[in-house]
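The values are calculated or read from the model by the stated rules, or taken from the named source; none is laboratory data. In this text the structure is predicted, and so the values were computed from the model without any measurement. Positions of Cβ are backbone-derived with ideal geometry, glycine not excepted, and every protein chain shown enters the neighbour counts. Heads up: the accessible areas ignore ligands, DNA and RNA and are worked out on the full protein's heavy atoms, side chains in. Shrake-Rupley method; radii C 1.70, N 1.55, O 1.52, S 1.80 Å.
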Amino acid sequence: MRKIRKAVLPVAGAGTRFLPITKSVPKEMLPLIDKPVIHYVVDEAVKSGIEEIILVTGANKNVIKNYFETSPELERFLEEKDKMADLQVLRDISRLCRFSCVLQKKPLGLGHAVLQARDAVGDEPFAVMLVDDIIYSKEAPALKQLLNTYEETGSSVIALQKIPKDKISAYGVADPVWEAGNCRIKSLVEKPSVETAPSDLAVVGRYLLTPAVFDHLERTDRDKSGEIQLTAGLNSLCGEEAMYGCVLEGKRYDCGNRVGFLKACVDFGLLRKDTGNEFREYLKSLDL
Ligand code: G1P
């Protein structure tokens, strides 16, 4: 079985749900305490064994790539001031893994974004990670959980989570069949109505895909809004080769919307050793 070495992170979106801040700060760079959202996703990738991150970027997103590069001036400054702990933090970031960028010239949807990474990925299985979805798991990083299913099945794997019926229309939804303890995907549908949703298992933004997906995405028609949906390409792929679902252990935060982002800020503030105690006391003191 081929090792999964590369992860594609689509970061070209305009972030209109987070205007006005996204006028000048990409939504992937919004901070959860002192680390941008994308840093948590890259940490998850590295902990799962990923060696190269391919950023699919749009205009004004240089700041993302810069964040993961070395910053000689700042490093020199910290060294002179003997701020060695801060220096180590910076150095660790730039050594996380290799980064490359491909440009998505037009915002034609998630499937189109993934397709732009075709040459950079080459002919090998790879991961796709959506930065809006932050998953906190005590068990294992979310992508590692998918890798366990991949190692068992040798097929594409997508992350799933049970979602209350009334929220299901905001997601890709799986039609699963359980075979010998594994969840095989029969089909997928993007943002179905509550009535037509095939299950309550929604697609979460982590995927392990065989390179065959690129041909399927090439053939995928644009939807009503003119976009090429990743889910449509995956639905075509699972008609041709086996695909499995991995029901994730862990709590997912939708950092692509304001309340989801706020929940992540609160929970991460409570979880971190350096902020947890004081922040908990503060929250308890609130007259809510
Ligand atoms: C995207 C995918 C959808 C998936 C969701 C998970 O939708 O198209 O299938 O369920 O991410 O976060 P978006 O949230 O970008 O509308």
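Things to note:
Yes or no, residue by residue, for (1) modelled with pLDDT of 95 or more; (2) out of contact with any Leu (no Cβ under 6 Å at 6 or more places or on another chain); (3) in a strand (DSSP E or B); (4) away from the ligand (no atom under 14 Å from the Cβ):
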{"position": "Lys144", "(1), (2), (3), (4)": "yes, yes, no, yes"}
{"position": "Leu147", "(1), (2), (3), (4)": "yes, yes, no, yes"}
{"position": "Tyr150", "(1), (2), (3), (4)": "yes, no, no, yes"}
{"position": "Ala159", "(1), (2), (3), (4)": "yes, no, yes, no"}
{"position": "Ser169", "(1), (2), (3), (4)": "yes, yes, no, no"}
{"position": "Ala174", "(1), (2), (3), (4)": "yes, no, yes, no"}
{"position": "Ile185", "(1), (2), (3), (4)": "yes, yes, yes, no"}
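- Residue check, Phe214 outside the structural domain of Ala159 (by TED's automatic domain parsing) and either under 26 Å from Met29 (Cβ atoms) or open to solvent by less than 20 Å² (accessible area, probe 1.4 Å) (or both): no
- Tally of residues being assigned to a loop (DSSP other than H, G, I, E, B) and of a type outside the set (Asp, Glu) across the range 1-44: 16
- Where a residue in the range 112-123 is under 15 Å from Glu51 (Cβ atoms) and its partner, wherever it lies, is open to solvent by less than 30 Å² (accessible area, probe 1.4 Å) and part of a helix (DSSP H, G or I), with Cβ under 8 Å and at least six apart: Val121/Phe214
- Within the range 134-157, not a single residue is over 27 Å from Cys265 (Cβ atoms), aromatic (Phe, Trp, Tyr) and free of Cβ contacts under 8 Å to residues at least 40 places away in the same chain.
- Single residue of Leu87, Leu55 found to be surrounded by 14 or more Cβ atoms within 10 Å (Cβ to Cβ) and either assigned to a helix (DSSP H, G or I) or not assigned by TED's automatic domain parsing to the domain that holds Ile21 (or both): Leu87
- Residue that is nearest to the ligand (Cβ to nearest atom), among those in the range 262-283 that are open to solvent by 30 Å² or more (accessible area, probe 1.4 Å) and in contact with a helix residue (DSSP H, G or I) (Cβ under 7 Å, 6 or more places away or on another chain): Leu270
Condition check ((1) of a type in the set (A, V, I, L, M, F, W, C); (2) more than 18 Å from Glu241 (Cα to Cα); (3) in the same structural domain as Asp223 (by TED's automatic domain parsing)) across all residues:
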{"site": "Gln116", "(1), (2), (3)": "no, yes, yes"}
{"site": "Pro141", "(1), (2), (3)": "no, yes, yes"}
{"site": "Leu147", "(1), (2), (3)": "yes, no, yes"}
{"site": "Thr153", "(1), (2), (3)": "no, no, yes"}
{"site": "Ile163", "(1), (2), (3)": "yes, yes, yes"}
{"site": "Ala170", "(1), (2), (3)": "yes, yes, yes"}
{"site": "Val189", "(1), (2), (3)": "yes, no, yes"}
{"site": "Glu195", "(1), (2), (3)": "no, yes, yes"}
{"site": "Asp200", "(1), (2), (3)": "no, yes, yes"}
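- Restricting the range 187-212 to residues that are touching a helix residue (DSSP H, G or I) at 6+ places or on another chain (Cβ under 8 Å) and either touching a residue at least 60 places away in the same chain (Cβ under 8 Å) or on the phi > 0 side of the Ramachandran plot (or both), the residue that is farthest from the ligand (Cβ to nearest atom) is Pro211.
- The range 221-261, subset more than 18 Å from the chain's Cα centre (by Cα) and charged (D, E, K, R), residue surrounded by the most Cβ atoms within 10 Å (Cβ to Cβ): Glu227
- Criterion applied to Val203, Val194 was being part of a strand (DSSP E or B), over 22 Å from Met1 (Cα atoms) and either in contact with a Gly (Cβ under 6 Å, 6 or more places away or on another chain) or open to solvent by 40 Å² or more (accessible area, probe 1.4 Å) (or both), and the one residue passing it is Val203.
- Hey, Glu227 of a type outside the set (Ser, Thr, Tyr), away from the ligand (no atom under 14 Å from the Cβ) and assigned to a loop (DSSP other than H, G, I, E, B) or not: no
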